[in-house]
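Please treat every number below as a calculation from the coordinates, not as lab data. Values in this document were obtained by computation on a predicted structure and should not be read as measured data. Neighbour counts run over all protein chains shown; Cβ positions are idealised from the backbone, glycine included.
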Amino acid sequence: MLEQLMDLVREHAQGAVVNNPAVPNENNEAVIGAATESIASGLQQELANGNTEGVLSLLGGNSTADASNPVVGNISNNLIGTLLEKFHLDKGAATQLASSLIPAVLGSLASKTQDPSNGSFSLDGILNSLTGGSAQGINLQGILGQLSGGLDKNGDGHVDLEDLKSLLSNGAQQQQQANTGGGIGGLLKNLLG
């Protein structure tokens with residue numbers, strides 16, 4: 001999923017990164033990588049913190065991918081911090097870059113995720129990637145419409161969003177712990193050479 005996400009960021013990076021005078025050309029790929037990492041780790045963090053509804057709503061197209069969306073705002077703020085710290089952009093340039101790039105990429109990701117003819121992104125695939133496979137075997141697209149069968153993870157006799165939230169949150173937390181030794185950053189380093 002990470003390679004496809006990086007390709008998606010590249011599609012939207014022309015104006016925000018490549019043609020941006022605040023970003024030296026030699027940093028273009030690194031900034032694109034940082035944006036990709038911010039999106040992947042931001043979505044994973046939202047799941048780990050139990051914000052399953054926010055992530056599903058964003059990727060399922062039930063909420064907008066703009067600055068008013070808390071998930072989008074958190075990911076944008078994460079990228080701004082990275083741009084300030086690692087690339088020494090001034091705050092205005094970092095904010096402008098993140099506020100134009102992150103909503104565009106997340107909007108496109110949501111659109112591609114909802115398109116059944118698009119094989120590059122699926123809700124199941126994204127959530128499995130972010131949770132280390134915890135969502136494996138669960139028809140998440142179907143669950144968005146109605147929750148059914150075998151998800152009563154909290155043993156309360158009811159299958160509901162809390163069961164899914166618990167499953168994905170635990171998986172994302174475990175994946176984050178596994179990622180501490182390289183994880184998403186290590187994957188990006190391999191992709192970028």
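In order along segment 86-100, the Karplus-derived 3J(HN,Hα) couplings, from 6.51 cos²θ - 1.76 cosθ + 1.60 at θ = phi - 60°, round to 8, 10, 6, 6, 6, 4, x, 5, 5, 5, 4, 4, 5, 6, 9 Hz, and Gly and Pro are given as x. On a per residue basis, the convex hull of the C-alpha atoms belonging to segment 2-54 measures out at 86 Å³. Here is the P(r) of segment 27-96: all C-alpha pair distances, binned every 5 Å from 0, give 3, 18, 24, 24, 15, 11, 5, 0 in whole percents. Paramagnetic label reach from N77 (point 7 Å along Cα→Cβ; backbone nitrogen cut-off under 19 Å): within segment 95-126, residues 95-104, 106.
Computed FRET efficiency, Cβ-Cβ of H88 and E11, R0 30 Å: what is it to the nearest 0.05? Efficiency for this residue pair is about 0.70. You can think of it this way: the chain between N19 and Q174 has 52.0 nm of extra reach, that is 0.36 nm per residue less the Cα-Cα gap.
Projection of the Cα convex hull of segment 1-139, averaged over all directions and equal to a quarter of that hull's surface, yields 8.0 nm².
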